[in-house]
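A.B. asks: Starting off with a structure, shown below.
The values are calculated or read from the model by the stated rules, or taken from the named source; none is laboratory data. In this text, all values refer to a predicted model and were calculated from it rather than measured experimentally. Note that each Cβ is placed from the backbone with ideal geometry, even for glycine, and that neighbours are counted across all protein chains shown. Accessible surface areas use protein heavy atoms only, side chains included; no ligands, DNA or RNA. Shrake-Rupley method; radii C 1.70, N 1.55, O 1.52, S 1.80 Å.
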Amino acid sequence: MQLMAMHNDYFLYIQTFFDSYAQAMEQYDTKGLAWHYMLPCTLLDDEHQTVFTEASKLEGFFNQGASFYKQYGIAHAVPTIWTKREWSDTAANVQVKWQYYDAKKKPLYACDYQYVLKLDKENDWKIVLSLSINEKQRMEAWLASRKKAKTK
């Protein structure tokens, strides 16, 4: 019974972690976003593999994303956890679908990520690997449909 309770807490903390991450996104808080990562960390997509070893460089990367979000009116980010796999007592794999909304809560686009999380010395979850499955494609499709709607 105690093991089951620990297991449930383990996954509850992961949901809380991603809720906190979404809040940092919504506030364009690049320091807050970087706090969610353990250094070194790796960000991957189909075209890039970037390893960050310094928090300031990671924050700089997030500054670019925050500028994009502000420019295009992305105001809300909602994480839905699809799968959580406990790899060990201190590591987990998590699949998240992100849904992005404007200030009026109108859906803009959704995308999928895979994360590898690790507990740090303070027992806080941190991202060590972030894999964008389809964000670039979904974002480009959204921007194209937005452009098309403006030309009508």
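A.B. asks: With +1 on each Lys and Arg Cβ and -1 on each Asp and Glu Cβ, and nothing else charged, work out how big the dipole of the chain is about its Cα centre, in Debye to the nearest 20.
C.D. replies: Working: 19 positive and 18 negative charges, 201 e Å.
The dipole of the chain has a size of about 960 debye.
A.B. asks: Moving on to the next point. Quick check: convex hull of the Cα atoms in segment 10-135, volume per residue, rounded to a whole Å³?
C.D. replies: Details: hull volume 12.9 nm³, N = 126.
Convex hull of Cα atoms, per residue: 102 Å³.
A.B. asks: Return one whole number: the accessible area per residue of segment 42-152 in Å², for a 1.4 Å probe. Write out the running numbers ahead of the final one.
C.D. replies: Values: 6790 Å² over 111 residues.
It amounts to 61 Å² per residue over segment 42-152.
A.B. asks: Within segment 82-152, what whole-number % of the accessible surface is contributed by carbon and sulfur, with the 1.4 Å probe and all protein chains included in the calculation?
C.D. replies: On the way: 2370 of 4390 Å².
Heavy-atom surface of segment 82-152 belonging to carbon and sulfur, 1.4 Å probe: 54 percent.
A.B. asks: What does the net charge come to around Arg138 if you take all other residues with beta carbon closer than 14 Å to its beta carbon, with K and R at +1 and D and E at -1?
C.D. replies: Details: positive: Lys97, Lys136, Arg146; negative: Asp45, Asp46, Asp112, Glu135, Glu140.
Every neighbour counted, the sum reads -2.
A.B. asks: List, in the order given, every pair from Lys70/Lys148; Lys97/Lys136; Lys57/Lys150; Lys57/Lys84 whose Cα-Cα distance in the structure shown is over 25 Å. Show your work: numbers first, answer last.
C.D. replies: Numbers: Lys70/Lys148 20 Å; Lys97/Lys136 14 Å; Lys57/Lys150 36 Å; Lys57/Lys84 29 Å.
Violating the 25 Å limit, Cα to Cα: Lys57/Lys150; Lys57/Lys84.
A.B. asks: Let me ask something else. Identify all aspartates and glutamates with a Cα-Cα distance to Lys118 below 12 Å; exclude those on the same chain that are fewer than 8 residues away in sequence.
C.D. replies: The reachable aspartates and glutamates, counting only those whose Cα sits under 12 Å from Lys118, are Glu86, Asp89.
A.B. asks: Below 13 angstrom from the Cβ of Asn63, what's the summed charge of the other residues (Lys, Arg +1; Asp, Glu -1)? Write down the numbers at each step before the final one.
C.D. replies: On the way: positive: Lys31, Lys57, Lys70; negative: Asp29, Glu59.
So the surrounding residues net to +1.
A.B. asks: Relative contact order of segment 62-152, please, whole-number percent, based on alpha carbon pairs below 8 angstrom and at least 6 residues apart. If you can, show how the numbers build up before the last one.
C.D. replies: On the way: 145 pairs, mean separation 17.5, N = 91.
Value for segment 62-152: 19 percent.
A.B. asks: For segment 7-71, with all protein chains present and a 1.4 Å probe, just round the carbon and sulfur fraction of the accessible area to a whole percent. Show your work: numbers first, answer last.
C.D. replies: On the way: 1920 of 3810 Å².
Result for segment 7-71: 51 percent of the exposed heavy-atom area is carbon or sulfur.
A.B. asks: Quick one: putting +1 on the C-beta of Lys and Arg, -1 on the C-beta of Asp and Glu, what dipole do you get for segment 17-80 around its Cα centre, in Debye to the nearest 20? All intermediate terms of the calculation are to be shown ahead of the outcome.
C.D. replies: Numbers: 3 positive and 8 negative charges, 38 e Å.
Here segment 17-80 has a charge dipole of around 180 debye.
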